[in-house]
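These notes concern the structure reproduced below.
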Amino acid sequence: MSLTQTPQAERLHIALYGKRNAGKSSLINALTGQPVALVSDVAGTTADPVRKAMELHPIGPVLFIDTAGYDDVGELGALRVEATQETLERADVALLVLSAPPTAEDLTWADALRKKKIPFLTVCNQADRWDDPLSSLPDELRENAVAVSALTGDGIEDLRAALVRLIPEGFQQPELTARLVQPGDTVLLVMPQDIQAPKGRLILPQVQTIRDLLDRTCTVVCTTAGGLQNALSALAQPPKLIITDSQCFPQVAAAKPEESLLTSFSVLFAAYKGDIEAFVAGSAAIDALTPNSRVLIAEACTHAPLEEDIGRVKIPALLRKRVGQSLQVDVVAGTGWPSDLSPYDLIIHCGACMFNRKYVLSRLAAAQAQSAPMTNYGVAIARLTGILDQVVW
């Protein structure tokens, strides 16, 4: 797929870690054969994590994350290091870039990568300045290490080959609809074009779902919620599957033919980006909510609040209708994820179309570690409206 066809969230996230002036940015330029990262002799040129989507042969679409040096100093430097640490939640694989024999600080970051279960290579950069660089590494780093020179290009091909071997087995995300359809099936998509749908465009989950179904040679029929009955009447036989916007779940469930399967875009993405079984289990916490409970709504993307916003308006209204108006609902957006999740009786996450799967699973792991039940918009709405047992994934 071309660069414009592959969303960042679908790319292999390769993060580079190291001290200032270890040559992380130069290494990205050498790997891609393009000046995509700013390079300078001044320590600390990369202030915040810089993300660059590229095609890296022979891997394919990747997203490089060039981070600030973890040895940065001062009040501003501490903030930069904190931003570097946050990228650990997104990295699928990592490069630990050294320009000299490792220090205790380098080894600490290697341990952090291991604890996060992030496969990584140790890259001895500026190898032309070292005396036998690989022999200067401790055994735990030497086992998976490459010596390169971003300046001369020596060892870059070896690094590319090692990166290919580093990619976790089964890295590719589960397929969106493979469990639910067969080639030739007719699938009806119910897509209300309301205030949340950008004018003249479809939202990303709809686009990805349509493409996935077309790749499976399914016949795709699209309608709005108001056109549902006309669409069903126009079909010679009931569709194999109906995929709806979660906010239309009750309406679509009531109208769907008995033989048609039912799901939502959000539920599909819960399985695609996260752990659907964990989200279904987490949704049981809805039944235990009281007027004194506290719920966190987490949105992957940032946008100005909308009058009909599903996360900020509709789901809180459904929850308060069930348990009482005093229910406390907090909302976070983008990367604004609290480190302390213990105050929450339930976390409800959006479909996370803007996040890679690693990041969603990292959030789920953090919630589970703090005994905070976590579910997903679509799963939560299905349970709140009493139709979860009719939904497939």
Exercise. Within the set LYS52/LYS117; LYS256/LYS358; LYS273/LYS314; LYS117/LYS314, which residue pairs have Cα atoms separated by over 31 Å?
Worked result: LYS256/LYS358; LYS117/LYS314
Problem set entry | Peptides ranked, highest mean first, by Cβ atoms within 10 Å: ranges 55-61, 342-348, 379-385, 6-12 | 379-385, 342-348, 6-12, 55-61
For this session: For the range 54-119, state which trypsin sites (Lys or Arg not before Pro) are in a DSSP loop and have at most 16 other beta carbons lying within 10 Å of their beta carbon.
Result: LYS116, LYS117
Seminar exercise, completed: Under the helix-only model (-39500 (n - 2.57) for each DSSP H run of 4 or more, divided by the residues of the chain), the mean residue ellipticity at 222 nm, to 500 deg cm²/dmol, is -9000 deg cm²/dmol
Exercise. The range 127-169: which GluC sites (Glu not before Pro) are DSSP loop and have at most 10 other beta-carbon atoms within 10 angstrom?
Worked result: GLU143, GLU169
Exercise. Heavy-atom accessible area per residue, the chain, 1.4 Å probe: how many Å²?
Worked result: 45 Å²
Exercise. Taking amide hydrogens as modeled 1.01 Å from N in the peptide plane, which residues meet the under 5 Å criterion relative to CYS222, leaving out close sequence neighbours?
Worked result: LEU189
Exercise. How much of the accessible area of the chain, in percent, comes from carbon and sulfur atoms when a 1.4 Å probe is used?
Worked result: 51 percent
Exercise. What is the range 270-393's relative contact order, in percent, from Cα pairs under 8 angstrom and six or more apart in sequence?
Worked result: 38 percent
For this session: Sort out for me the Cα centre separation of the range 207-269 from the range 329-372, rounded to whole Å.
Result: 29 Å
For this session: Let me have the relative contact order for the range 76-156, percent, based on Cα pairs under 8 Å that are six or more residues apart.
Result: 27 percent
Problem set entry | Cross-link partners of LYS115 among aspartates and glutamates (Cα-Cα below 12 Å; sequence separation of 8 or more within a chain) | GLU89
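The values are calculated or read from the model by the stated rules, or taken from the named source; none is laboratory data. Treat the numbers as computed from the prediction; the structure is a model and nothing was measured. As a convention, Cβ positions derive from the backbone with ideal geometry for all residues, glycine included, and neighbour counts pool all protein chains shown. When the accessible area is computed, the model is the full protein with side chains, heavy atoms only, and any ligands, DNA or RNA have been set aside. Shrake-Rupley method; radii C 1.70, N 1.55, O 1.52, S 1.80 Å.
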